[in-house]
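Here's the structure we're looking at; comments come further down.
The values are calculated or read from the model by the stated rules, or taken from the named source; none is laboratory data. Predicted, not measured: the structure shown is a model, and the values here were computed from it. Reconstructed Cβ throughout: ideal geometry from the backbone, glycine too, with neighbour counts over all protein chains shown.
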Amino acid sequence: MAEVAIIIVNYNSAALTSQCLASLVEADTHLHPIQVIVVDNGSNTQYKLPKKLQKLKWIEVIRSESNLGFTGGNNLGIEYAIEKESVDYVMLLNNDTVVDKQLFKHLVNHLETHPECGIISPKIYFQANREYFLDSYHSADRGRVIWYAGGSVDWQNLTAFHRGVDEIDRGQFADQTISDFATGCCLLLKREILEKIGSLDDDYFLYFEDTDLSMRVRNLGYEIHYSDQAKVWHLNAGSSDGVGSSLHQYFQNRNRLIFFFRYGNWQVKLNVARVVFQLFTSQHYLDRKAALHFILHQWGKQPVI
């Protein structure tokens, strides 16, 4: 039976992590046993498993004394899992998620039957009543609003976006399989691929690291797939400062410059230079800071304020 190591990074969000773990307890894992590594990523108060979960030998908590970011926290868990456990697959899973009971059946079976697939992500919904435009949906549709149904990279406009975001799921993506990138909110890949390409790139710290990982896997000749049958519900930035925050604004701007300059052709690189100029002339200091740090190669973890 294929065994899956699941990496969950916790940072000052114990309740969310415990909720995520509770959903994993309810998941169907009889064909695909799981080992969960919770990485407590320098939280102010060290994360401890709730009493009802402490008896479960397949859940383990390790700790970093400093905040290593999304990239470093996951890398710590990946390294620990691969060295300690004889796992076949590695899953990255945000702690602000709840998984469907059949998640592993759909994702693992897909990888086992599609050797051309390097990484797969499930369909991800907003958690009910956490949708961006909450008042736009009937109560019966909440929890069925899409957060991710595959991803697309727009090389001309230097952006990467989720397909289907804010749409009510009516089966419109049922025939979609190919995606430009997998989302770090929930992705599954074979251990052997990680051993070839390495882990997440710490240059990013937070945001765009999953798009970079996907590009490296694609450059090996694999495809990135999306599963419409596998399902996860996401609180969306529940464990960070949230969309629109200073953290989000700075790292999104800086990291998209890194990604597109690294992988784009000469035309894309010219667009990067244009965007750098636009950010330098922005009225917001975080835009200017993102451009400056990109130019000076001040990547990875940086103070935002």
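Note on segment 47-94: among residues that are in contact with a Ser or Thr (Cβ under 8 Å, 6 or more places away or on another chain) and under 15 Å from residue 25 (Cβ atoms), the one that is surrounded by the fewest Cβ atoms within 10 Å (Cβ to Cβ) is 50. Here residue 205 fits the description: under 30 Å from residue 22 (Cα atoms), surrounded by 20 or more Cβ atoms within 10 Å (Cβ to Cβ) and not small (Gly, Ala, Ser). Of 93, 103, 76, 107, all but one fail to be farther than 23 Å from residue 230 by Cα and of a type in the set (A, V, I, L, M); the exception is 76.
Yes or no, residue by residue, for (1) in contact with a helix residue (DSSP H, G or I) (Cβ under 6 Å, 6 or more places away or on another chain); (2) basic (Lys, Arg):
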{"site": "144", "(1), (2)": "no, yes"}
{"site": "149", "(1), (2)": "no, no"}
{"site": "158", "(1), (2)": "yes, no"}
{"site": "161", "(1), (2)": "no, no"}
{"site": "177", "(1), (2)": "no, no"}
{"site": "181", "(1), (2)": "yes, no"}
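Whether any residue in segment 29-39 is buried (at least 17 other Cβ atoms within 10 Å of the Cβ), modelled with pLDDT of 95 or more and of a type in the set (Ser, Thr, Tyr) is what I want to check. Scanning segment 29-39, I find no residue that is buried (at least 17 other Cβ atoms within 10 Å of the Cβ), modelled with pLDDT of 95 or more and of a type in the set (Ser, Thr, Tyr), so the answer is no. Within the set 106, 110, 138, 162, the sole residue that is of a type outside the set (S, T, N, Q), in contact with a strand residue (DSSP E or B) (Cβ under 6 Å, 6 or more places away or on another chain) and without any contact (Cβ under 8 Å) to a residue 40 or more places away in the chain turns out to be 162.
State whether one or more residues within segment 79-89 are within 18 Å of the chain's Cα centre (by Cα) and under 26 Å from residue 174 (Cα atoms). Yes: one or more hits.
Could you please let me know if residue 56 is over 29 Å from residue 302 (Cα atoms) and not in a loop (DSSP other than H, G, I, E, B)? Criteria not met by residue 56. When we screen 304, 276 for residues that are modelled with pLDDT under 95 and among the aliphatic types (A, V, I, L, M), the only hit is 304. None of 262, 256 is in contact with a strand residue (DSSP E or B) (Cβ under 8 Å, 6 or more places away or on another chain) and under 13 Å from residue 158 (Cβ atoms) except 256. Filtering segment 104-125 to residues that are part of a helix (DSSP H, G or I) and polar (S, T, N, Q) leaves 109, 113. Of the residues making up segment 70-88, not a single one is among the polar types (S, T, N, Q) and in contact with a His (Cβ under 8 Å, 6 or more places away or on another chain).
Here is the figure for segment 106-138: residues that are on the phi < 0 side of the Ramachandran plot, of a type in the set (S, T, N, Q) and at pLDDT below 95 total 1.
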